[in-house]
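Notes follow once the structure below has been shown.
The values are calculated or read from the model by the stated rules, or taken from the named source; none is laboratory data. What you see is a predicted model, and the numbers here were worked out from it, not measured in a lab. Because the Cβ atoms are built from the backbone with ideal geometry, glycine has one as well, and the counts that use them run over all protein chains shown. The accessibility values were calculated without ligands, DNA or RNA, using every heavy atom of the protein model including side chains. Shrake-Rupley method; radii C 1.70, N 1.55, O 1.52, S 1.80 Å.
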Amino acid sequence: MSFVLTTELERAAKYSLPQPLDSAVISALEHIRHGCFQRSLCFVVAVTSVASGLEVGYEHYKGSYSNPVMYTPVGLSAALVGSGLLGVMSRPGARVVLRAVSVLTLADGIIGFFFHVRGVARKPGGWKLPVTNIVMGPPIFAPLLFGTSAYLGLMASYLRREEDLGRVMPSDIVMLSKSGWREDLRHGRFQKHLSTITILWAFFSGFEALYSHYKTNFRYKAQWTPVLLTPVLMAAAAGAIKSRRIANTLLPAVSTLALADGAVGFYYHARGIVRRPGGMKKPLYNMLYGPPIFAPLLFAACGFLGLMASLLRREKKG
């Protein structure tokens, strides 16, 4: 019998954890496997949107909000926080409001990507000096990474509620007569899709880490870790698309490393802010001009996506 991650985790929880913790872990795994974790993911969307909103807010503040469009991601972050919390409390809130706000935020990220590319092109030398202008210009993939929370919100809007586990809803009867990605998503069968998203987001985040750390000449050896982990995570996610075994073994292992690396990076960035002149006596100034404190959490989000993919079921076709 092939190795199945969720089965092994449930077995480990049953025999290693005390009551009632083992039952809670087993129940959580079962809910994820069957796509019944809408409330939980809505809450994750709300929390991550706070971090991404603060990040884009102070990055655009450094640019003096020279273009009115720079206000849009800040406002949409707040809307995503509110709609995420609404989705926790309300099924229609998750399916209608959160979905609409998530689509708008994803569109805003794509538009922002265009503006950042244009910003690089408008620097002296333009694309004739790609390395210099990408490093010194606006962070080119940051708007796409801003869409991470929005993507999770869109995904959450199609999931079932935790209380729906084991229940046959009227909408399920309708969906069972159909096929397609919506039906797969509602029942937790989107492992290959989420693995594909992990590849894209890992590339964006790894590229951001590369030129961000390049600016400081890779002063600390730890700055190499997200750069080196990125191709490994991308390869594991690519392998997970082709192989169920890789999805249940290599992908969760590498994703856990990426998640941990992002957490450690957050500590280093926070320490870098504290060590600046004035330290926490000048928190706003040092957060603005110190290392971007929430940037490592974007890399951790890639690990979160990969880990979630490893806990899901595969699509009906393959």
Take the conditions open to solvent by 40 Å² or more (accessible area, probe 1.4 Å) and closer than 23 Å to residue 308 by Cα and apply them to residue 161. Does it pass?
no
Just wondering, is there one or more residues in the range 93-108 that are open to solvent by less than 40 Å² (accessible area, probe 1.4 Å), on the phi < 0 side of the Ramachandran plot and at pLDDT below 95?
no
Identify all residues within the range 279-315 that are outside any helix (DSSP H, G or I) and closer than 19 Å to residue 203 by Cα; write none if there are none.
292, 294
In the range 54-80, which residues are of a type in the set (A, V, I, L, M, F, W, C) and over 20 Å from the mean Cα position of the chain (by Cα)?
69, 70
Check the range 55-75 and report whether any residue there is closer than 21 Å to residue 110 by Cα, open to solvent by 60 Å² or more (accessible area, probe 1.4 Å), touching a Ser or Thr at 6+ places or on another chain (Cβ under 8 Å) and modelled with pLDDT under 95.
no
Which is at pLDDT below 95, in a loop (DSSP other than H, G, I, E, B) and either out of contact with any Leu (no Cβ under 7 Å at 6 or more places or on another chain) or farther than 30 Å from residue 46 by Cβ (or both), of 271, 245, 276?
276
Of all residues in the range 181-211, which are at pLDDT below 90 and within 20 Å of residue 265 (Cβ to Cβ)?
211
So in the range 54-83, with the set limited to residues that are in contact with a Phe, Trp or Tyr (Cβ under 7 Å, 6 or more places away or on another chain) and in a helix (DSSP H, G or I), which one is nearest to residue 114 (Cα to Cα)?
69
Of the conditions (1) touching a Leu at 6+ places or on another chain (Cβ under 9 Å); (2) touching a residue at least 24 places away in the same chain (Cβ under 8 Å); (3) open to solvent by less than 50 Å² (accessible area, probe 1.4 Å), the single one that residue 26 does not satisfy is (2)
Please go through the range 276-309 and give me each residue that is aromatic (Phe, Trp, Tyr) and open to solvent by less than 20 Å² (accessible area, probe 1.4 Å), ordered by number.
299
Taking the condition of being free of Cβ contacts under 8 Å to residues at least 40 places away in the same chain and assigned to a helix (DSSP H, G or I), how many residues in the range 204-222 meet it?
3
